[in-house]
Amino acid sequence: MALPWNRVRPWLIPFTGLAHLVLTVWTLRKPELQAPVGWLVLDPPGRLILFVISLMFFLCGFYTVGYLRYRGAWSNRTFTSCLLAFLGVMTLVVWSHHLGLMWVAIEATSLLTAPLIYFNRTPRSIEATWKYLLICSVGIALALLGSFFLAYASLHEGLESSLLFEDLLHLAPRLSKPWLHTAFVLLLVGYGTKMGLAPMHTWKPDAYGEARAWSERCSPEV
């Protein structure tokens with residue numbers, strides 16, 4: 001955000017992507033760096049997902065430089081900053097081993113994606129942005145409610161409440177079944193809305209329609 005050079009700023013994206021990819025590979029090759037640290041754990045599925053995120057961001061970063069040079073008349077300060085922050089919170093999502101921390105990181109991805117959808121600053125892009133924020137905010141709120149219900153499923157049975165994944169798996173057979181089933185439905189609908197699973201995917205056509213490469217070719221306002 002502090003860099004004043006519009007042409008130089010986009011190069012932070014592939015450089016950051018390269019640094020992130022190098023650090024990711026280094027971490028994956030050293031098991032001692034994957035040891036649990038509080039609420040942060042890199043489990044086997046997380047290793048695969050983290051590598052895919054890092055590699056895709058690195059490759060897309062070079063395309064982004066060319067695209068932002070093509071759109072040189074537009075300020076890319078917010079776009080670049082939000083994209084870099086998005087990589088950070090996505091990394092936090094993968095490392096999170098606490099349901100509450102993961103919820104915060106996923107909510108942060110929604111807030112950081114909104115300025116990216118609005119990049120074209122057209123009536124269609126603002127409509128897509130508001131639809132994305134509204135629908136995903138409802139979904140993420142349901143997911144938060146599901147997390148509360150999951151915590152209460154332990155308290156209802158006189159157990160110590162915990163949202164750490166290991167504790168939830170360990171206590172699952174002893175949790176209150178009605179509260180556990182309700183929490184599952186809320187979490188599925190909530191995070192499913194954020195993911196765009198049908199039939200909770202109504203935000204996707206507008207948001208994807210305003211994606212940079214597609215809207216540049218097809219949007220009549222551009």
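If we scan segment 190-213, do we find a residue that is part of a helix (DSSP H, G or I), over 21 Å from residue 93 (Cα atoms), hydroxyl-bearing (Ser, Thr, Tyr) and modelled with pLDDT under 85? Yes, the conditions are met somewhere in segment 190-213. Of the helices (runs of 4 or more DSSP H) lying entirely inside segment 1-120, those containing at least 1 residues that are farther than 24 Å from residue 131 by Cβ, basic (Lys, Arg) and at pLDDT below 85 span 44-70, 77-95. Could we say that residue 198 is under 30 Å from residue 36 (Cβ atoms) and hydrophobic (A, V, I, L, M, F, W, C) here? So residue 198 fails the test.
Once segment 167-208 is narrowed to residues that are hydroxyl-bearing (Ser, Thr, Tyr) and within 17 Å of the chain's Cα centre (by Cα), the residue that is surrounded by the fewest Cβ atoms within 10 Å (Cβ to Cβ) is 208. Within segment 66-81, is even one residue over 19 Å from residue 137 (Cα atoms) and β-branched (Val, Ile, Thr)? Yes, because at least one residue in segment 66-81 is over 19 Å from residue 137 (Cα atoms) and β-branched (Val, Ile, Thr).
The values are calculated or read from the model by the stated rules, or taken from the named source; none is laboratory data. It should be emphasised that the depicted structure is a prediction, and the values quoted were computed from it without experimental measurement. With ideal geometry, Cβ positions are generated from the backbone for all residues, glycine too; neighbour counts draw on all protein chains shown.
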